Every structure is written in C-alpha cells, then in structure tokens.
Amino acid sequence: MSSSRTEGVQQPERSPSADVVQVTMPQMGVSVAEGTIVEWRKRPGDWVEADEPICDVTTDKVDVEIPSPATGRLERILVESGTTVPVGTPLAEIDAEARPGEAHPDERAGPRRAPQSSTGQPDGEADRSQFHSPVVRRIAEKHGIDLSRVSGTGIGGRVRKRDVLAYLESEGDGAPESPEPVLHTESPYKPEVSESPPAKAEPETAAAPPPGEGAPSSIPAEQLLGPTHREPMSPMRQAIARHMIDSRRTAAHCTTIVEVDFSRVAARRGQLKEQMRRRGVNLTYLAFVARATVEALEEHPKLNAAVEGDEIVYHEDVNLGIAVALEDGLIVPVIRRAQRLSLEGMAAAIADLAERARTGTVEPDEVHGGTFTITNPGQFGAVLATPIINQPQVAILDLEAIVKRPVVVEGPEGDSIAIRPMSYLCMSWDHRALDGAGAARFLDSVREGLEAGESRR
Amino acid sequence: MSATAAPTQTSASTTEMTYLQAISDGLRFEMARDPAVFCLGEDIGAFGGAFKVTDGFVEEFGPERCLDMPLAESAIIGVAVGAAAEGMKPVCEMQFADFISCGFDQLVNVAAKLHYRQGVAVPMVVRLPSGGGFSGGPFHSQNPEAWFLQTPGLKVVAPATAADAKGLLISAIRDPNPVCYLEHKGLYRHVKDEVPEGEHIVPLGEARIAREGTELTVIAYGSSVHLALQAAEELDEDVEVLDLRTLCPLDREAILGSVRKTSKALIAHEATRSAGVGAEVAALITEEAFEDLDAPVRRLTAPDVPIPFSPPLERAVLPQLDDMKEACGELLAY
Amino acid sequence: METSDASAVVDGRLRDAVGTHLTREDRANLFRYMAMMRASEERALTLYKQGKVPGSFYDGRGQEAISVGAAYVLAPEDRMCILHRDLGAHFVRGVTPDRYMANYMGRVGGVTEGKDGNMHFGDRRLGCVGMVSMLPDMALVASGMALAFKTRGEERVAMTFFGEGSTANGQWHEAMNFAGIHRLPIVFLLENNRFAYSTPNELEFSVDPVERAHTYGFPGVNVDGNDVEDVFDAARVAVSRARAGGGPTLIECQTMRMHGHGAHDDMRYVPQEMFEEWGRRDPIDRYAERLVARHDFSVEEVDGLRSEVAAYVEECAGKALDSPIPDPAQATAGVFAESWEPLGDGEAPWSHRGRNGGGANGASMAASEGSSA
C-alpha cells in the first residue's frame, strides 16, 4: 500500500479509467495521521449510493462512518477491516459506470465458470519453463533428453509434449554432454544383467551362442525368452555404464591378488574400538586397510598416479576415494590428503563420507580429484573380485570378505594349522603405468602393514 | 475391447431416424422377436407414452405387453424384478428419470443385489428420460446416472446417437442384469442419423471414437457428445471425441488409449459435477495414465445446483457450446 | 368355495372340511416341520449366544404354524417370497436346517454362501426368492412373479409373507393395489404378531389390515395363526382361488411373537399377561394335543416325532459347524449375472397337491375324501 499522506480535503481519486472511483482513508482531524477500518458495510458486488455509509473507521480521536463518494457498484476492497493505514490510502474501488441489475464482472461469467476448470489457466506471464508434466518427464528420461535444451511453446514457456517430441525428432537420442556430475565408479559387486548381449554388440564381443543352439531358431527370440518386462535405466545407472566401458577401453587392466591375515588387525581393533566409539568414531576394518594403503602409496608412488598421453603424472597428495554402495548404483567420495589422517581420523572420515553419500548430501567437489580408490563390498560375502579402475587413476583396491580359514603357521616345532581371519586384497592396475612386479610389491607393503598390526605412525 | 465397435447387423440397409424413433424401433424389434419382452410404465399404453416412444404398441402387442401401470414407481420396478426373476424381460419406463427416486429402493436394494446374494439373475431395463434444456425445472431435468454408478449390480448406458440408442437398447434388453438406460430428452427429436434396420446390436461396455484427433481427448456421453463435436468443428482443432456409450462398465481401455495418445483430457457431461461420471473417469486417468499426461484432467459439467426453471438461469447452469469451446481451448493451449 | 365377500371367515363348518384334505402323514409332516423350525431356531440361538453367529439373530418363535401351514399348500412350480420369521416355509420347500444355521454363521454351506446373513436367504433352486431388509419390498416382487404367471397363462401361484408393520409402508399398498387391478394369482400372507419391533398394532394402523383387502378389490381372511390347520386351510382356499384365476387373497394370521424382534431385544414393552396368554396357545403344543385327542396319534408317537426332529437338528448343527468359512476372494464375485437361469421348483409334500388340490371343485374334494385319515 502506498503511504501517501495528503493533508486537506480528500478528493475521490480518479484512476486512468474514469469509471473507477476510489474510496480513501479520510483525514479526521489535523493531527490524525492514520485510521483503522472497523467494518465494511458493503462487500464487492454490492450496489452503493453516493453518501451511503460504506465502511466504519476509527482513529485515536474519533469513530466515523465513511460515506460513499459515488453511486455505483463496489468493485474491490483494497484494505480489509482491522487494518490500520495512513490517511489518504485508497481503501476500495467503485465502478461508477455500472448499472443496477447488471452482473458484477465476477458474476457475469456465470456460476458455470467456477466448476468448469478445477484450477484456472496458469498465468501466462509466469515462467513455467521449468515445470515439466509427467509425460514430458517420461519421454525425456527415456531418451536421455536434457529438458533445459528444449524450448517450450506452452503457456509461460512450458515445455509441452509436442515440444519434446519435436526435439527428439530433430536432435535424436540423448545429449552428448550430460550435465550429470562425473561419478568415479568401478565394477559392480554383484553380477549385473550386463551378461545379456547389448543391442548393438560388435561381432567380436558378441556372446558365443549357447550350447545346443546351432542353427538359428525359427521362433523369434522374444518368444523363447518368455515373459519379460522393461525398465528404463536411471541416469546414475547410465552414467555408471558409460564410465565402466570407458575405463576398460582406456586402461590395460590387470588384477593382482594378495592374501592377508587379519588377526593382528582384529586384535588391534578390539583394543581401540571402544575408546574410539566413545569419541563417536566407528572403527572398521576398512579404516585399517585405508591407513595401510596410504602408507604403502607413500613408498610406491607409481600407484598414486595418472597416465596422460605419454606421461605419468604423480600426485603428491593421496586423495583416497572410498566407494559407497547406493540403492541403484554407487558413488565414490574422496578423502582429500588422506596421508595426514591417523587411523582414527581415517575411520571418522570414512564414516562421514559414507553417511553423507547415502543421504545424498555429498558435495559435487567431493567426488572429484581422487588419486586412488578403495572399495569394500566384502559385507556381501564375496571373496574375490576384479574391479574396474576409476579413471584417471592407475589402480583400484578391492577388500572382499574377511573369512575365518584354516591356515598353515610356521612355528618352532614345525607347521601347524591355525584358524585365522583371512581376506584377499584384489587390485586392478593399469599396465600402461606399471608392471606386475610393481603391483605385487605395493600389495606386499599393504599386507605387511596390516599384518604388523600396528600402524607405523 | 476396441473403442470403435462395428455394430453387428444382419441387415445392411439403414433408415434415417430420430433418436426417439430409434428407441421405439429397437423396442419394437425385441418385442416382436421375444415374447418374454414387455413394457411397463405410466401412460405408455393407450396414450403411447409421455414422449410417444410406445405409440402404437398396445395395438401391435396388446395391453398386457404394453402395461399401463398405476402411479407407483416402486411397483413398476418391483413388479419388474419379480417378473424378470421368473424369466420375463421387462422394460420399465420412468416417465422422467427424476422419478426413479420413487422406485429407488426396489432398484438398488432388490434388483441390484439379488444376483450377488442369491444367484438370481434379474434381466430388466429401466428407461430413464433424462436431461434438461427446456425449462423442465428441478424435477424434470435431472441426469441421475451417478447414483447408479454407485450401486454395484446395475449396468448403466447412455446413448448419444440414434443408431446407438437402438443398438444399446437391444443389448440392454438381452443382458441378464438390470440396466439403467439414460435417454436424453433433448436428443429425442434433434438427433437424427442412419440407423441400421432389423437387428442392430451395440455391445455394452464399448466406447466409440466419434471424432479422431491427436491434441486433446474430450470424453463425453449423451448430449455432451454433440456439444463436443460441434465445438471441435468450430474450433477447427485436432480434438478427439470419445463417446463413452456405456457408463458402467466403463470402457477403460478406450479411455486410457485415447488419453495416452493425446495426453490431454476433458470430461464433459450435463450431469452435475461432484462425484459424477467425470470424477470417476478423471480418477481412472490419473491412476493409470499419470505419466502420459501433459495437462491436468478437467471436467466440464453443470455445477452442483438443482436445474433451474427460468431459461437464462437454466442456460447458465447447463454447459453450453461456448463453455465447451472455452474448456477445449484452454486445454489445447496449456 | 368362492370367497368374493370381504368378510369371509373360517368357521367351524370349514374346519371339519379341513379333515378331508390332510392325511395322517400330512399331519405328522405339519407337526414335524413346526418342531423342526422350533428346534432349529433354539439351536441357532444357542450358537448365537456362543458367539458363533456374527451380526443379529431373528426367530419366529410362536409363529411356526403360519409358515408351515401356508407353505404346505404350494405346488412345486409355485413361488414364495419368505421373510425372517418364516423358517418353516424354507423347510417345507426343501432347505435343510444345516444350511440355515450355516447361513447364520456366514459359512460356505449357508444358502447364500456368506453373501447375506441371518434370514436374508432364499434357495432359488427351490423356487424361493429371499428377502431384503426393506419391508415389504418382496410383496412387489411376488406380484411381479404372479404377473408373469398370468401373462403366460400358467396356473401357478406366488405367495408373499410380511408382518403387520409393513402394511404401513407405501410399497405394500402399491402391491395390493396392483394385484387387485390385475387379479393376480398371489396370496398375501400377513403375520400379525402384535408388535413391529416395539410398535404395537394401534400405532401401526387405524384399521385392521385385513379390512383393507376389499378396498383393493379382493377378499381378506382372518385366521388363528397359532392353529396350523386353520392357516393351512385358509391358504389352501386362497391358493386354489388364485390358481383358478380368482385373483389375490389377503390372509391375516393372528399370532404373537414370543421372542424379541431380534435376540438383542428384551421385549420390555410387552405386558407379562400377554406372554402368558399366548404362551398357553403355543402352536406346537396345541397341535401335539390335538393329534393325540382327535387324530389318533399316540403320545409316544408324537414324542417320537419330537425326538426324531431333535436328533436331526443336532446332526445338522454339527454339519453347519463343520462348514468352512468363505474365501475372501469370493467377496467380489457374482455382482453381475452371465446368464439368466430359471428358478427351480420346490418340494411340495402335501399329499393332495396338484393343480386342483383342495379347490372348490367338488370332484377333487370327493377324490381326496377317500384317502382321508
């Protein structure tokens, strides 16, 4: 509300459309600056005669009836009762050109108007380019269309079904640069349906025909398969798929596996767990492995590197990526400068990242800049894996399940069998950057660090 | 079920008939074919019916088969139930659809539930002259079909064309269940089309695409079908008009198929708004075709008001051509 | 005997004539059916009190003579609309007590297989169309069946039961009126048991309903509803009248409802003297006495009938209790019919049943005289 403060006699203000007459807050006394509407005697649509009381107003000096400045129909109330406004504020508008018996504009349309459209047509002025209807979203998702690239011809710039279909026809499937955050990912833990041959399989990678299937079947494949159902891949799934393929095409993948006796780690963990828990830190086996890995990387810098063209790029910091499983995919947030963290610090950082990854509160920056990745799907019970390197790193370490096994221990009296918690550390590495010996030596360092039971720091 | 039903007919020739004549024709055909079929209602015999649907029937079929009933709607419906249980095929006439309320108890508590409770089939039809537009006032203008959609055990049909009026009536008579047949009075003399002679069957539960389109589906029945077709013509837009024809059971596949194609739906009926057929169809669409929608599902109906008598008031309440055009236009532009 | 006069009343002369229409076997049957109704309802009431019956429980204690006496007259192809205090009619037509009890318990073995409860049943295969709760809707349905018989020229009769309370309802008047206009072959069986729930006669109507019959164009007859042979004979006359094309009859049976409207009703509104007076006129006990006194039955024989029925009812109770509860998947089945099937015919145990059984035709009376007890 404008707060024009006019002294003197109030004139009914005339707005540009001459037939609308305003009722304004009167000045009731020289020192009075404002008034409060007590009650409106008329409601919009009501007919009012000139000088007929139209509302009651009160000031700290006096209560007064306001006479209508004109004859006509009360169009709009601008200030509701109970409100205090400065003198001169427009309170209501009267249509002085109206004739009695003519329908008020709100009524002119007739009662049938209200029930017809459950919600009015959206305001054409408002920007609706970001609103996407269900069918538009479905089509966009199915074809990987970035809707921000589609121009909308609907009200308020809304992208309509026809717009996205037209876009599809002209641009084709999927945008080349997806705005999705880069997800550093590696191999799936469980066998995916990626076993089924992709639609456009190259001849050399096509699956060998299953035994017993010599001649092509006369029955269409779909019938032989039996009932199926389809689900569109989520954006995360599609991104993971792309990265996996890219990684395998980029690196010369090899996997080396070392067997580790975790009994010292178990003992140490038993000693330290409780006091760390009291400090709010959950001490996991993964934390031990991470610490040992970081120490080993300092001794074997070739594993904390990247291949760029003809060069090996060595990183001074160890930015350790920890893979976290999500419902339909995974994410690899990074612990920056992991070399600075103690065992406890590592455990805390891992827990924090895992928690935030699962609740979807990881910052975009936190999934970039990793130099080495550890993954720990061991809780699912598998014992060996051949992970896919998280580009542009040169190696990835996979900690599988820790399982009690009978092992041979050498003692002063000779060999005996003991039961030890054992696990395999499986590392996939890029043969472009290093060789098997280097990989093995690194793993041996990690193993030593774990079997010593005590951090060297 | 396909939405476009090819009517089964033994005769290939057609005659131009009004909607009202088609109803008489269908009734006459069935009565001649099956001696179990008989009519009962007020003033249908000697007087030929308030709207002359049964004009000449007494002469042709005798007073027992075109039975003048006392002013007793409960008796009309209740007697029909008993007769149907015993194998007759009664076709009741309510003089106005509005009067079904006087026979409501027999219809919803006896007729509708006998089979569910006792395995007793009740093959009867209740003809209900419905609809407004001629200053009939609140008791001669109603479209009460929603009451029957709420009663499990009743089937409900509402033809829009003369050909369908005949075809659906014959199907209704042959159905072993109680069928409420909504015949819109306003269409009696204003709708004319080529109606197949002889046996002409339109199966229950099948909608009809009255006009093909790709940008908007108007789902309608009865008088609203004509309004929709006219609006689509005058707007000259790519609007599809789906004539439901049967309201219970609804042709869900036709409804969903059309909406999936156009992604926009307007449901139009002359009956009042709340909890009407439109509400049911709208719920069906959002439940089953949500991801195919490019606009909210809207309804064009009369408001929740008894139908007034005075012409300007009645016109303000019953959906008019301009309302249809506006509603279509809004959805097309959305 | 033509009764076009509204004041026709069963008198002593007619009572004697009754004897010629019932054989010894018939009399034993009448007793047996009444006893079966009594025993079944007592047994079912126990089940109800044991919590095995969901919902409400209704019986017709004290009114057994009406449904048994009236239903006994019907031919197999006749039809009935039976109400909640007319269990005897179901039994006469061939429904067994186990199916009745299973219906109350909502079991698969019940007549409606769980779809409807208590007395809201009718076995369509036995020519019975079961009641709805809205009374007396079935009077119109029975009128419709009678219309079908008449239109098709069949010598079949419809019989519809209702209480005196429902004569206050518009639909009863519509039925009576319509039946009178078209002289339909229908028998309106009015059970005046003194109370409609808690409403006594004087608040239900100002004129005894039997008097209304002639205003609709046909005779009304008043009978002792606690005398099975009185009911039987009035029904016999009415049915044969209808079958011969004479039109409807209203038979008002005077009786007393000895239990509450339902088991939940404690009948506080009934004066104690009324209970005592009507208790002395128990239809089953009276008939037992008469069988011994006038029809050459021994006390042992009558007792034997009672215990035979008791054992049978107990056996049926066991069968009903063994009946399984319905599969919830069936809850949505059967809303619509796939096809129409004719109603079946009911049992018709009366020895003289037939198209002209018990009519005013002297020849048939003479024929039956020869085989009277």
Open item on the list: Need a quick list: strands (runs of 3 or more DSSP E) entirely within region A:220-338 having at least 1 residues that are under 32 Å from the mean Cα position of the chain (by Cα) and charged (D, E, K, R).
Closed with: A:305-308
TODO: Hey, could you check region A:146-197 for residues that are away from chain B (no Cβ under 14 Å), at pLDDT 85 or above and part of a loop (DSSP other than H, G, I, E, B) and say which is farthest from residue A:380 (Cα to Cα)?
DONE: A:151
Open item on the list: What are the pairs with Cβ atoms under 6 angstrom where one residue, in region B:185-196, is farther than 10 Å from residue B:22 by Cα and the other, located anywhere, is at pLDDT below 95 and assigned to a loop (DSSP other than H, G, I, E, B)? Sequence gap at least six, or different chains.
Closed with: B:186/B:133
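Considering only residues that are over 15 Å from residue B:98 (Cα atoms) and among the hydrophobic types (A, V, I, L, M, F, W, C), look in region B:135-157 and name the one that is surrounded by the fewest Cβ atoms within 10 Å (Cβ to Cβ). Step through it out loud before you land on a result.
So in region B:135-157, the residues over 15 Å from residue B:98 (Cα atoms) come out as B:149-157.
Now narrow it down to the ones that are among the hydrophobic types (A, V, I, L, M, F, W, C): B:149, B:154, B:156-157.
Working: B:149: 20, B:154: 23, B:156: 27, B:157: 28.
The selected residue is B:149.
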TODO: Go through (1) over 26 Å from the mean Cα position of the chain (by Cα); (2) surrounded by 16 or more Cβ atoms within 10 Å (Cβ to Cβ) one by one and return the number of the condition residue C:313 breaks.
DONE: (1)
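Residue by residue, here is whether (1) buried (at least 24 other Cβ atoms within 10 Å of the Cβ); (2) in contact with a strand residue (DSSP E or B) (Cβ under 8 Å, 6 or more places away or on another chain) holds:
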residue	(1), (2)
C:181	no, no
C:200	no, no
C:213	no, yes
C:223	yes, yes
- [ ] Just need a number here: residues in region C:81-110 that are over 21 Å from residue C:191 (Cβ atoms) and either hydrophobic (A, V, I, L, M, F, W, C) or in a loop (DSSP other than H, G, I, E, B) (or both).
- [x] 10
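Can you tell me which residue among B:64, B:86, B:59 is crowded, with 24+ Cβ neighbours inside 10 Å and charged (D, E, K, R)? Show your work before the answer.
Numbers: B:64 fails: crowded, with 24+ Cβ neighbours inside 10 Å; B:59 fails: crowded, with 24+ Cβ neighbours inside 10 Å.
On inspection, the qualifying residue turns out to be B:86.
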- [ ] For residue B:63, indicate whether it is over 19 Å from residue B:155 (Cβ atoms) and in contact (Cβ under 8 Å) with a residue 12 or more places away in the chain.
- [x] yes
- [ ] Name the helices (runs of 4 or more DSSP H) wholly inside region B:99-189 in which the number of residues that are touching an Asp or Glu at 6+ places or on another chain (Cβ under 8 Å) and not assigned by TED's automatic domain parsing to the domain that holds residue B:33 is 2 or more.
- [x] none
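So for region C:320-331 (the condition being more than 14 Å from chain B (Cβ to nearest Cβ), surrounded by 16 or more Cβ atoms within 10 Å (Cβ to Cβ) and of a type outside the set (Phe, Trp, Tyr)), does at least one residue qualify? Please lay out each step first, then the result.
First pass over region C:320-331, keeping only residues more than 14 Å from chain B (Cβ to nearest Cβ): C:320-325, C:327-329.
Now restrict to residues that are surrounded by 16 or more Cβ atoms within 10 Å (Cβ to Cβ): C:320, C:323.
Filter once more, so that each one left must be of a type outside the set (Phe, Trp, Tyr): C:320, C:323.
Yes.
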Task: Matching residues, region B:22-41, being part of a strand (DSSP E or B) and of a type outside the set (Val, Ile, Thr) - done: B:38, B:39, B:40, B:41
- [ ] Mind counting the residues in region A:264-278 that are in contact (Cβ under 8 Å) with a residue 60 or more places away in the chain and surrounded by fewer than 22 Cβ atoms within 10 Å (Cβ to Cβ)?
- [x] 6
Open item on the list: Quick check on region C:49-96: of everything there that is surrounded by fewer than 24 Cβ atoms within 10 Å (Cβ to Cβ) and of a type in the set (A, V, I, L, M), which residue is farthest from the other protein chains (Cβ to nearest Cβ)?
Closed with: C:53
TODO: Scan region B:78-103 for residues that are more than 7 Å from chain C (Cβ to nearest Cβ) and under 12 Å from residue B:178 (Cα atoms) and report the count.
DONE: 5
TODO: Determine, yes or no, whether residue B:276 is over 25 Å from residue A:163 (Cβ atoms) and either at pLDDT 95 or above or within 11 Å of chain A (Cβ to nearest Cβ) (or both).
DONE: yes
Task: Restricting region B:286-320 to residues that are assigned to a helix (DSSP H, G or I) and facing chain A (nearest Cβ under 7 Å), the residue that is surrounded by the fewest Cβ atoms within 10 Å (Cβ to Cβ) - done: B:290
Task: Among (1) within 14 Å of chain B (Cβ to nearest Cβ); (2) in contact (Cβ under 8 Å) with a residue 12 or more places away in the chain, the one test that residue C:338 misses - done: (2)
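Quick one: in region B:104-126, which of the residues that are more than 8 Å from chain C (Cβ to nearest Cβ) and touching a strand residue (DSSP E or B) at 6+ places or on another chain (Cβ under 8 Å) is farthest from residue B:52 (Cα to Cα)?
First, pick out the residues of region B:104-126 that are more than 8 Å from chain C (Cβ to nearest Cβ): B:104, B:107-108, B:111-112, B:124-126.
The next check asks that each one be touching a strand residue (DSSP E or B) at 6+ places or on another chain (Cβ under 8 Å); those that pass are B:107, B:124-126.
Working: B:107: 24, B:124: 21, B:125: 18, B:126: 16 Å.
Residue satisfying both the conditions and the ranking: B:107.
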TODO: Only residues in region B:70-98 that are closer than 21 Å to residue B:132 by Cα count as the first member; pair them with residues that are among the small types (Gly, Ala, Ser) and surrounded by fewer than 24 Cβ atoms within 10 Å (Cβ to Cβ), Cβ under 6 angstrom, at least 6 apart or cross-chain, and list the lot.
DONE: B:95/B:50
Open item on the list: Residues that are modelled with pLDDT of 95 or more and touching a helix residue (DSSP H, G or I) at 6+ places or on another chain (Cβ under 6 Å), at least 2 per element: which helices (runs of 4 or more DSSP H) completely within region C:146-242 meet that?
Closed with: C:170-182
Open item on the list: I'd like the residue in region B:65-75 that is out of contact with any Gly (no Cβ under 6 Å at 6 or more places or on another chain) and at pLDDT 95 or above and, out of all such residues, is nearest to the other protein chains (Cβ to nearest Cβ).
Closed with: B:75
- [ ] Tell me which residues, restricted to region B:321-334, are under 17 Å from residue B:186 (Cβ atoms), crowded, with 16+ Cβ neighbours inside 10 Å and more than 9 Å from chain A (Cβ to nearest Cβ).
- [x] B:324
Task: Single residue of A:281, A:313, A:318 found to be in the same structural domain as residue A:370 (by TED's automatic domain parsing), β-branched (Val, Ile, Thr) and free of Cβ contacts under 8 Å to residues at least 12 places away in the same chain - done: A:313
- [ ] Please state which of the following conditions residue B:195 fails to meet, knowing it meets all the rest: (1) on the phi < 0 side of the Ramachandran plot; (2) surrounded by fewer than 21 Cβ atoms within 10 Å (Cβ to Cβ).
- [x] (2)
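Name the residues in region A:56-85 that are in a strand (DSSP E or B), at pLDDT below 85 and not β-branched (Val, Ile, Thr), would you? Give the derivation first.
Our first condition is that a residue be in a strand (DSSP E or B); within region A:56-85, this holds for A:56-58, A:63-67, A:72-77, A:84-85.
If we keep only those that are at pLDDT below 85 too, we end up with A:58, A:63-65.
A:63, A:65, listed by residue number.
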TODO: Pick out the one residue from A:385, A:401, A:433 that is touching a Gly at 6+ places or on another chain (Cβ under 7 Å), under 26 Å from residue A:241 (Cα atoms), modelled with pLDDT under 95 and in the same structural domain as residue A:305 (by TED's automatic domain parsing).
DONE: A:401
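Check whether at least one residue in region B:252-264 is assigned to a helix (DSSP H, G or I), under 30 Å from residue B:140 (Cβ atoms) and β-branched (Val, Ile, Thr), and report yes or no. Walk me through how you get there before you give the answer.
From region B:252-264, those assigned to a helix (DSSP H, G or I) are B:252-262; that's our starting set.
Of the ones still in play, those that are also under 30 Å from residue B:140 (Cβ atoms) are none.
There is no residue in region B:252-264 that is assigned to a helix (DSSP H, G or I), under 30 Å from residue B:140 (Cβ atoms) and β-branched (Val, Ile, Thr).
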- [ ] Restricting attention to strands (runs of 3 or more DSSP E) lying wholly within region A:339-428, give those where 3 or more residues are at positive phi, among the polar types (S, T, N, Q) and in contact (Cβ under 8 Å) with a residue 12 or more places away in the chain.
- [x] none
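The values are calculated or read from the model by the stated rules, or taken from the named source; none is laboratory data. In this text the structure is predicted, and so the values were computed from the model without any measurement. Note that we place each Cβ from the backbone using ideal geometry, even for glycine, and neighbour counts take in every protein chain shown.
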